[in-house]
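Computed from the coordinates by the stated procedures, all read-outs in this text should not be read as laboratory data. These numbers were taken from a predicted model, which means no experiment stands behind them. Ideal geometry is used to build each Cβ from the backbone, glycine not excepted, and the neighbour counts take in all protein chains shown.
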Amino acid sequence: MSTVGVVEGYNLKKSGHRPDLIAWAPSEDVFAIEVELAQKSRARLNAILCLHNQWILQGKLQALLYVVGDEDAARRIRNGMRRKIFLTDGRVRIELLATIKQQAIEGFETRRAKRDEHALLQSEDRPNTLAATAPGSPVHPPDPSAESDHSVATSTTAGIAWKWTTSHE
């Protein structure tokens with residue numbers, strides 16, 4: 001946790017800050033994820049943005065993802081970045097929570113359709129599959145050739161590939 005100085009009125013308040021989430025890419029790059037659902041004061045938001053900017057410039061972070069509840073929060077963050085002459089804005093991504101939720105749902109639906117298609121093909125190859133999974137019958141182990149029960153949504157911003165994996169277990 002790092003300390004941020006927040007000037008409110010004539011008072012300087014010091015408080016700790018750490019990102020809501022930290023993610024490590026396979027390349028060992030470190031990404032901070034901030035979830036901004038409650039509005040912070042302008043001074044606190046500016047201090048947090050400066051801290052992230054400093055971490056990126058020092059190589060402690062490679063990118064920052066802000067997940068926001070609405071367009072007003074996204075606008076506040078973009079304005080804060082402009083006020084503080086944010087030097088690393090190419091490594092900052094702002095996403096609406098609703099967008100991420102929609103991507104997760106679409107990924108789930110895609111995976112479910114593939115799983116259903118795979119199950120249909122398996123049942124055509126093995127007509128006894130349904131009977132074997134009836135209550136009281138032995139359950140077949142999962143087919144190792146089947147895909148995993150995870151959906152993946154990816155996108156790229158400023159050369160940084162972002163990947164969300166959603167489990168459907």
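So what are the ³J(HN,Hα) numbers for region 93-109, from phi and the Karplus equation (6.51, -1.76, 1.60; θ = phi - 60°), rounded to whole Hz, Gly and Pro as x?
Once rounded to whole Hz, the list reads 10, 10, 10, 6, 4, 4, 5, 5, 4, 4, 4, 5, 5, 4, x, 5, 4.
Summing Lys, Arg as +1 and Asp, Glu as -1, what charge do residues with Cβ under 12 Å from the Cβ of Ile105 carry, Ile105 excluded?
Values: positive: Lys101, Arg111, Arg112; negative: Glu106, Glu109.
Computed value for this residue: +1.
What residues have an amide H closer than 5 Å to that of Ile94, excluding those fewer than 5 places away on the same chain, when H is modeled at 1.01 Å from N in the peptide plane?
Amide H neighbours of Ile94: Tyr66.
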